[in-house]
1. Kindly establish whether Ile10 is at pLDDT below 95 and β-branched (Val, Ile, Thr).
2. So, in the range 75-93, exactly how many residues are under 14 Å from the mean Cα position of the chain (by Cα), loosely packed, with under 14 Cβ neighbours inside 10 Å and of a type outside the set (A, V, I, L, M, F, W, C)?
3. Cβ-Cβ distance below 6 Å, separation of 6 or more or different chains: which pairs start in the range 9-28 with a residue that is closer than 28 Å to Val69 by Cβ and end on one that is among the polar types (S, T, N, Q) and part of a strand (DSSP E or B)?
4. Tell me, which residue of the range 1-43 that is in a strand (DSSP E or B) and of a type in the set (Val, Ile, Thr) is farthest from Leu61 (Cα to Cα)?
5. For the range 1-52, how many residues are among the small types (Gly, Ala, Ser) and touching a Gly at 6+ places or on another chain (Cβ under 8 Å)?
6. Identify all residues within the range 44-62 that are more than 18 Å from Asp79 (Cα to Cα) and either outside any strand (DSSP E or B) or at pLDDT below 95 (or both); write none if there are none.
7. Restricting to the range 15-57, what's the tally of residues that are surrounded by 14 or more Cβ atoms within 10 Å (Cβ to Cβ) and either of a type outside the set (Ser, Thr, Tyr) or in contact with a strand residue (DSSP E or B) (Cβ under 7 Å, 6 or more places away or on another chain) (or both)?
8. Given Leu18, Leu48, which one is of a type in the set (A, V, I, L, M), closer than 28 Å to Phe88 by Cα and more than 11 Å from the chain's Cα centre (by Cα)?
Amino acid sequence: MFENLDLNEIMKKLQENLEKQNSKTYSAKSGGGLVEATVNGEFEVIDLKIDDSLLEDKESLQILIMSAVNDAIKMAVDDKKAQALNMFGGMNLGQ
């Protein structure tokens, strides 16, 4: 069943896919665009934009930041899952 597997090729494709995924960015907005968070493929926040009108309302600001960051991270996670499924689904594992 697995006699035609080239493990070196599989590892090479996995590494290329990981590098590609880690270089992607994902942005999400909350509060009608008052807050925008951007994360990279390693789930690190790399940018955060906050409308000046929120600077006087700490509680709303905190909620909107959490929402935007969580949404951006969810986008990144979902994309990584989809890419992994596509990659393994597209491999002919000796069949």
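The values are calculated or read from the model by the stated rules, or taken from the named source; none is laboratory data. Bear in mind the structure is a predicted one, so any value in this text is a computation, not a measurement. Glycine gets a Cβ as well: all are built from the backbone with ideal geometry, and neighbour counts include every protein chain shown.
1. Judged against the criteria, Ile10 is a match.
2. Residues that pass the stated criteria total 2.
3. Listed by first residue and then by second, the contacts come to Thr25/Thr38; Thr25/Asn40; Ser27/Thr38.
4. In this case the residue turns out to be Thr25.
5. Within the range 1-52, residues that are among the small types (Gly, Ala, Ser) and touching a Gly at 6+ places or on another chain (Cβ under 8 Å) number 1.
6. Answer for the range 44-62, where residues must be more than 18 Å from Asp79 (Cα to Cα) and either outside any strand (DSSP E or B) or at pLDDT below 95 (or both): Asp51, Asp52, Ser53, Leu54, Leu55, Glu56, Asp57, Lys58, Glu59, Ser60, Leu61, Gln62.
7. Residues meeting the conditions: 24.
8. Exactly one residue qualifies, and that residue is Leu18.
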